[in-house]
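See structure below.
The values are calculated or read from the model by the stated rules, or taken from the named source; none is laboratory data. This is a predicted model, so every value here is computed, not measured. Here the Cβ positions follow ideal geometry from the backbone for every residue, glycine too, while neighbour counts run over all protein chains shown. Each accessible area value is taken on the protein alone, full model and side chains, heavy atoms only, with ligands, DNA and RNA left out. Shrake-Rupley method; radii C 1.70, N 1.55, O 1.52, S 1.80 Å.
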There are 2 protein chains.
Amino acid sequence: MKEIKFLDNLVSSLEKLPGVGKKTAQRYAYYIVEKMPLEHVETLAEELIKTKKNMKHCQCCGILSDLDICEICSSTYRNHKQIMVVRDTKDVLAIEKTGQYNGLYHVLGGLISLLDGISPDDLNIDSLEKRLDGVEEVIIATSFTPSGETTALYLEKILKKDHLIISRIGYGLPAGGDIEYVDELTLKRALDARKVSK
Amino acid sequence: MKEIKFLDNLVSSLEKLPGVGKKTAQRYAYYIVEKMPLEHVETLAEELIKTKKNMKHCQCCGILSDLDICEICSSTYRNHKQIMVVRDTKDVLAIEKTGQYNGLYHVLGGLISLLDGISPDDLNIDSLEKRLDGVEEVIIATSFTPSGETTALYLEKILKKDHLIISRIGYGLPAGGDIEYVDELTLKRALDARKVSK
């Protein structure tokens, strides 16, 4: 008996979660069969199916939601003249947590990456172009990585129009970042992004 | 929108897994709704319920199994005169992986711990005493911790009988253990457990 065979199927299902290897999956499986009350297991199983089946993307901005049009797009309190372009819904949550932005979003669903075979056609870029009537500013908020840069440059190029401001979020030293330990690329960006004191 | 509300129930169900906090649960939930194929989610939900409901403990030794009598207890190839006492089924698997033991097991289901309110009555000790007919050796394999030591001393005391050998697994330097870095308690045990070279 090298393993408990009747746990095998559960273990291999749990291994499909992100970052979960065999050891962690076994730990979860043990805990589930030995310690977790049956009602919790039943709730987990129900929620898995229910949440998965109710999942949609907002037809306007692409945010993950259970509504056809998400609460941000349908809000009358938000500034509909600003659109921030991000990779996915997790980025939206990160920005929302700052409480510093009151415009709308547009979720690309990925970043352009030739290595991974992701071209602009695979992303929600068409739907972005169709949303630009009445919009004054598009803020590109892609990550500081090769894919993020490529995507930003591509968007800057195709969105260029009169009367539309295209901006990018600032790059530079992170909070708590000690100059001594920050990498060259970040420092270079921080220098380029310097502001003249008034 | 600080969080995606429709994921909340799934997140709080996933948080019940061992070592899974809010951030990890959110990561799993996102992955499940955005990336995991529906069929995998359905299999996971089914396996959770099926495995949980089929779970039993072997009526003889207490190992986690889906059988009334586990494959070790019912095996005719194993030495039924030796019983190794361990805390839980995970310990059985660790010993089985070594391939060095061919006897039976007895799973206590915990260790005596006054701090956590676990007394000998809470453990499968009665059923161990009832299994001792025809047994020649009981090997106590509890961990090198205060609870493990207490349990071992208690078992040594109550199991003491003529013709029954009671042994404990060896304690000492672990594989790759450098004397310079090993703690005093382990070194003390390693010295006590020294063997005279022939």
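Observations
- Within 10 Å of the Cβ of each residue in A:22-32, the mean number of Cβ atoms contributed by other protein chains is 4.
- Using the Cβ-Cβ distance between B:His80 and B:Ser167 with R0 set to 22 Å, the FRET efficiency works out to roughly 0.85.
- Square roots of five times the Cα gyration tensor eigenvalues for the range B:57-196, Å: 26, 18, 16
- Rg/Rh ratio calculated on Cα atoms of the range B:1-97 (Kirkwood radius): 1.15
- Start at zero, step by 10 Å, and the Cα-Cα distances of the range A:1-53 spread as 23, 52, 24, 2 percent across the bins.
- Of B:Ile63, A:Gly148, A:Gly19, farthest towards positive along the dipole that unit charges on Lys, Arg, Asp, Glu beta carbons give the protein assembly as shown: A:Gly148
- Net charge dipole, chain A: roughly 220 debye, given to the nearest 20, about the Cα centre with Cβ charges of +1 for Lys and Arg and -1 for Asp and Glu.
- Estimated FRET transfer efficiency (A:Tyr31, B:Lys188; beta-carbon r; R0 30 Å; 0.05): 0.30
- Ordered from largest to smallest accessible area (heavy atoms of protein chains, 1.4 Å probe), the residues A:Asp91, B:Asp133, A:Asp68 come out as B:Asp133, A:Asp68, A:Asp91.
- Calculated on the Cα set of the range A:137-198, radius of gyration then Dmax: 13.8, 42 Å.
- In terms of its Cα atoms, the protein assembly as shown spans 98, 49, 39 Å along the principal axes, sorted from long to short.
- Restraint check, A:Lys56/A:Lys81; A:Lys56/B:Lys90; B:Lys5/B:Lys90; A:Lys35/A:Lys90, Cα-Cα greater than 30 Å: A:Lys56/B:Lys90; B:Lys5/B:Lys90; A:Lys35/A:Lys90
- Per the Kirkwood formula applied to alpha carbons, the range A:57-116 shows a radius of gyration over Rh ratio, Rg over Rh, of 0.99.
- Label points for A:Leu114 are taken 7 Å from Cα along Cα→Cβ. From this copy to the others they lie 7.2 nm apart, shortest first.
- Beta bridge orientation in the protein assembly as shown: antiparallel %, DSSP, nearest 5: 20
- Across the identical copies, the 7 Å label point of B:Asp162, projected outward along Cα→Cβ, sits 11.1 nm from its counterparts, in ascending order.
- Formal net charge of residues neighbouring B:Lys81 (Cβ-Cβ distance under 15 Å; K, R +1; D, E -1): 0
- Considering helices alone, the calculated mean residue ellipticity of chain B at 222 nm is -11000 deg cm²/dmol, with DSSP H runs of length four and up weighted by -39500 (n - 2.57) and normalised per residue.
- What sits nearest the axis between copies B and A, counting only chain B Cβ atoms, is the residue and whole-Å distance B:Ala45, 2.
- Distances between copies at B:Thr76, taken between label points 7 Å from Cα along the C-beta direction, are 8.3 nm in increasing order.
- Within the range A:57-196, antiparallel bridges make up roughly 15 percent of the DSSP beta bridges whose residues both belong there.
- The range B:30-64 and the range B:129-198 have their alpha-carbon centroids 36 Å apart.
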